[in-house]
Every structure is written in structure tokens, then in C-alpha cells.
Amino acid sequence: MSNRNTGLAVETDGLVRSFGATRALDGLDLRVPAGTVYGVLGPNGAGKTTAVRVLATLLRPDGGQARVFGHDVVAEADQVRARVSLTGQYASLDEDLTGSENLVLLGRLLGLRKPAARERAEALLAAFGLTEAAGRQVKKYSGGMRRRIDIAASILNTPDLLFLDEPTTGLDPRSRNQVWEIIRAVVAHGTTVLLTTQYLDEADQLAGRIAVVDHGRVIAEGTPGELKSSVGSGTIHLRLRDAGRRPDAEKVLRAALGVPVQLEPDPVAMTARVGEDGTDLEASEQAARALGELARAGIVVDDFSLGQPSLDEVFLALTDHPAGAADERDDELEAAR
Amino acid sequence: MSDTATTTTGRAPSVYVPSAEALATVLAPGSRPARPGPLSASLSFGWRALLKIKHVPEQLFDVTAFPIIMVLMFTYLFGGALADSPRDYLQFFLPGIMVTSVVMITMYTGVGLNNDIEKGVFDRIRTLPVWRPAALVGMIFGDLLRYILAALVILGVGLVLGFRPSGGVLGVLGGIGLLVVFSFAFSWVWTFFGLVLRSEKSVMGVSMMVLFPLTFLSNVFVEPATMPGWLQAFVKVNPITHLVSAVRGATAGTFDATNVMWLLLWSAGFVLVFGTLTMYRYNRR
């Protein structure tokens, strides 16, 4: 375990993988430093899942190179498998078996003797709040529980690198927060986490660095701060009482914030991008100033919110097309299976 | 959730709050155990198959009810016409229908594998650092149990209906043994199709297309002597014919060396060819 915490956990050079005529990976270059959470951000069909499957030795690349802790994923697949774990988008446990049986089985397959495997399963179930559900078949678990037992199964052998493929897609906010807490604990104990997500705020919350992927290629890379400074760290959405005052409001906001203001199709709605320097504090200050100036000008605001830019806004800023444009390749996942 | 009242926090016990301390205890990197050997890994996968039977006992329907129906149906359908009585026919027919039923259920190996791929389990299994064929070998180990069960069920029904094997217990066990060896080897055909074909349905379809002619165009139901020459030629090289002859010999207390040899050669061939093809596909998906 010489380089569990140092050096590069993942290194890919010009990785290519096609499914029929579709190039799911089209020259993907990634450098994932060990000991961190690394976010791979992109819309459906961007190639995130394909990238993870190649790195986890489930798919062979058509071209380029991929190394995990210095081991080639094709030539040294066994060494790679010994050090990584994958939690896919779909439950990767046997749904007919109970939670406890699944974990004991995996423990046995990883070389633990039966009593040790049982002990490990019990400890994991307890730590993940699943003791009560230990004897229940996995198919009877709720979405959040399923995701938790999946992650528990993935850290059974304390991997050096954990792949989480869209770990919070489809989860309710509470389950999502639980998964975030677990990810933080995992990385705090020295496991590198490679996380794919469609949500900028998720990557922002967890990742030390983010690669934005589109059409099988990295289109931007950096810390969340760096990325946000290129997009702006937030967006103000507001709705006025009186549609007639919108031109005035637009003028006020432009003067107060010095940022572009966008008029929405809804005649009372408008948005403004704030936090151009990439700090969340600046975004909050600008939001406060905007609301103050509008009140001073006597313009009634019915609805006001400050949010992080959506993936769509990130894509608009980084490319010249919205994220949805990649949707024709939604079938990539299907083909990858 | 009956103990809600005993929790002082007032929170229902089902609400999980990740605790850093609890997670720390399971995240501490321990020493990694040595990877399990091929047999141990295969047996673990076999254990999984047993657990599945325990949780979904309905899946035993096809190894119990289906064979019983086959025996009853054909014994009374053909018995009077092909022999003097159903009871006489049974002496000839039982080893054959035993082979047919067990060989037919080998296809569920492919269906089960295809099902695993459809769900996500297969991904996790394939990222484990274990002997590569272990998952498939273990799956077939579990299936062997089903084959033995089906054979015993058929034997039981046969004995009730009047089957009296002159080979005795030893001969019958020998016959079942030969059948299980062949079925293990033949299962590798279905692991290959289970990996190559897209859906459970198509695996079933292909299996039926192969299994029906293979089992019916043999010496299971009648002696080939009355068949046209071209059909006799096929029946003669059909591995099922060798298998049925060998099992018939064993249950009758005679050791049919020629057919046993053919049967073992066919078995070795299936493992070699389809085992290799299967592993090639398994590694290259």
C-alpha cells in the first residue's frame, strides 16, 4: 500500500471507447490525486459511466491508456481489482439474499473466514444503520437503504479507490445527505473516491477537484472555486408583483450589481448571475444588495431565491450548448451493460 | 419499531444518522486477507445458489413438478402402444426421461446468468479479485444440486409406478452420477449463451431450439431401429444417445464401456470448447 495516499490514484491518457457508432469516450484525460474526492460532472450520456466501468476493469478501452495506482486496467486487471470497489447506479447486490447474507458472501469471496466475514458484516450493518434490516431480503429495502448497503459492500475490503457512479441520483434529500456524510467519512480514512454526478452542488460539496465531462471528453477541470469563477457561483431568481415594473427592476439590478440580467419568458420573472469571482459570500452580498435596491426603488418582489448555477448553466458557460444537447446519447448506459 | 418508547432521543430508530465514530470502526484499513483459492471461491458462489433456493423455493418447481409430469405423461401415453404395458415400457423409458428432464433444466444456468447480468450483481462479481471462472463454476455447483434433486424425484416416481432397476442401488447411483457429470459439462453451453444473448427470453428460445431436437431425436423414447437411415445417423452421434445408453446400462447393472467413454469425451469437449468461449466472453464484455 505504498501509494495509498500519495501520487495519482487514476491516470488516463486519450481513453477511447465506442459502442457501435457512438463514441462514449473520445480521448478522456483524467488525473485523480490519491486521498481526495474527485468529481466527474456531466449530463446523461457524457461518458461518465463508461469511464468508471473502464477504470473498474468491467470494460476494455478501444484506445488510450488507463492506470489505477500505476497498474494498467487491461494488462494488470487483477492488481487493479484488488484495490478498487464500484458502487454502480443499479443495486449491485443479490436482491434475493438478505443484507447480511450479501455481506458475508462478499467477505468470503474477499478471503475472510466465515466467522470473520460474519463479524465484518455485522459491524458494517451497524455502522450503516442496517442492523434491523440485516435479515431482510435486499429487494425489500428502501432506495436509501439499498444505496447504503451497496456502499457498505463496496468498503468491505477497505478499497484504496472507491468508484461511486451517481450515488445520490433518485434519492430523497435526507438519504442524499446520509450518503454525503458517508463519503466524507470514507475519504477521511484515506480511501480515494471518484464520484460521478449530474449535480454541481454535489460535486461542490464533496469534491476537491472536478472534471466537467461532455461527449466523452474533459471540457474543464479544476477546484470547485476555479470552476465557479468561470461560471459565477450563483444565480438570483426573482418574480415581481407587477410585470410593468420589470424594465425598472432590470435597470436597478444592472446598476447595483453590474452583472447581466436575463428576462425570462414569464413576464414577471428575471434572473441574474452573481458571485462572478467564484466566492459564495460575494454571491450572498450581491443578493442582499439587489433586494435592498429593489425595495428602495419601490418595486415589490413576490419571490426571491439565490441558488447555485445548475449543470445547464455550467454547460452554457463552458460550451455553447446546454447540457440537454447530449441527450441523444442516453442509450450509452444501456449499451455499456 | 416497537421500541420507539425506549429511545430517549424521541427519534424513531429507523432514521439513520451516519456517525463518524461508527463509520471509523469499519473504515480502518485492516490487513487484507489472502485471496481465496479457486475451490473456496467457487464454493462461496455455490453457497449463494443455495441461499437463493432457500429464499425463492418456487424455483424448485421446474425440478420437481415438471419431471413428475413428464414421467406420468409419457409412460401412460406411449406405454401401451410401444410395449405391452406402461409398466413394461417404464423399464426401458425411465432412464431416458430422467436424462431428458435433467438435460432440459440445464438451460436455467444460462437464464440465471443472464438475469444476473440484467441486474447489477454481475458488475460487483466481476470486479472481485477472485479466480475468474469461480462465479460460473459456483453457479453450476448450485445447479448440480437441482439436477440431483430432479433425478431423485424421477427415480421416486418411477419406483412407485413399478420401475425395478436390476442394477440395484449402486447401479442407479452410478447412472445418476454419469448424468450429473454430463449435465455439469453441458451447462457450459448455456453459460456461453447466457453471456452472449441479450435477454432471458432469447436464452430460453435458443435453449428450447437446441434441447427439443437433441433430446427427442435420440433413443430416449424408442429404439432407433425403426427410424429412417438419415435420422439413425443423427441419433447415433447424438451425445444424448450415448448418455441414455450409459445410464440405461448402469441402472440395469451392466457397465457400457463404449458409451461411457463417448459420454466422457463429449463432456470433456463441452467444458473445453464452451468453457473457453464462456471465459473469453466473460473477460471481454
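Derivation of every value follows stated rules applied to the coordinates shown; laboratory data play no part. Bear in mind the structure is a predicted one, so any value in this text is a computation, not a measurement. Counting neighbours? That spans all protein chains shown, and the Cβs are built from the backbone with ideal geometry, glycine included.
If a spin label sat at a point 7 angstrom from the Cα of B:L152 along the line to its beta carbon, the backbone N atoms of the range B:65-90 nearer than 15 Å would be those of B:65.
Largest first, the extents of the alpha carbon coordinates of chain B on the three principal axes equal 81, 45, 35 Å. Inter-chain neighbour count for B:126-138: the average number of beta-carbon atoms from partner chains within 10 Å of each residue's beta-carbon is 4.
The angle separating the long axis of helix A:280-296 from the principal Cα axis of greatest extent in chain A is about 30 degrees.
Projected label points at B:V160 and A:R289, each 7 Å from Cα along the beta carbon direction, are separated by 8.9 nanometres. Computed from phi, the 3J(HN,Hα) profile of the range A:140-146 under the Karplus parametrisation 6.51, -1.76, 1.60 (θ = phi - 60°) reads 9, 6, 6, x, x, 5, 4 Hz, with x in place of Gly and Pro. When the listed pairs A:K228/B:K119; A:K140/A:K228; A:K114/A:K140; B:K54/B:K201 are checked against a 29 Å cut-off, the alpha-carbon distance exceeds it for A:K228/B:K119; A:K140/A:K228. Say the dipole of the range A:1-153 comes from +1 at the beta carbon of Lys and Arg and -1 at that of Asp and Glu; which of A:S18, A:G64, A:G143 then lies farthest toward its positive end? It is A:G143.
In terms of the mean number of neighbouring beta-carbon atoms within 10 Å, the peptides B:103-112, A:279-288, B:29-38 order highest first as B:103-112, A:279-288, B:29-38.
Note on A:T223 and B:L77: their simple-model spin labels are 7.7 nm apart, each label 7 Å out from Cα toward Cβ. Seen from all directions on average, the range A:72-134 presents a Cα convex hull projection of 5.3 nm². Peptides A:263-269, B:177-183 ranked from most to least packed, by the mean per-residue count of other Cβ atoms within 10 Å: B:177-183, A:263-269.
Shielding of A:97-107 by partners, i.e. mean partner chain Cβ atoms within 10 Å per residue? Write down the numbers at each step before the final one.
Values: counts 7, 2, 0, 0, 6, 4, 0, 3, 6, 4, 2.
Per residue, the number of nearby Cβ atoms from other chains is 3 on average.
Sorted on the mean count of surrounding Cβ atoms within 10 Å across their residues, most packed first, peptides A:16-29, A:97-110 read A:97-110, A:16-29. Just so you know, the Cα atoms of the protein assembly as shown work out to an Rg and Dmax of 31.3, 109 Å.
Treating each Cα of chain A as an identical point scatterer and summing with the Debye formula, the log10 of I(q)/I(0) at q = 0.07, 0.09, 0.15 Å⁻¹ comes to -0.35, -0.56, -1.19.
With only Lys, Arg, Asp and Glu charged, each at its Cβ (+1 for the first two, -1 for the last two), find how big the charge dipole of the protein assembly as shown is about the Cα centre; round to the nearest 20 debye.
In debye, rounded to 20, the protein assembly as shown gives about 2060.
The modelled label-to-label distance between B:R284 and B:A257, using points 7 Å beyond Cα along the C-beta direction, is 4.2 nm.
Give, rounded to the nearest 20 debye, the magnitude of the charge dipole that chain B has about its Cα centre when Lys and Arg contribute +1 at Cβ and Asp and Glu contribute -1 at Cβ. Please list the in-between numbers first.
On the way: 20 positive and 13 negative charges, 170 e Å.
Dipole of chain B, to the nearest 20 debye: 820 debye.
With a 10 Å cut-off around each Cβ of B:28-39, the average count of Cβ atoms from other chains is 4.
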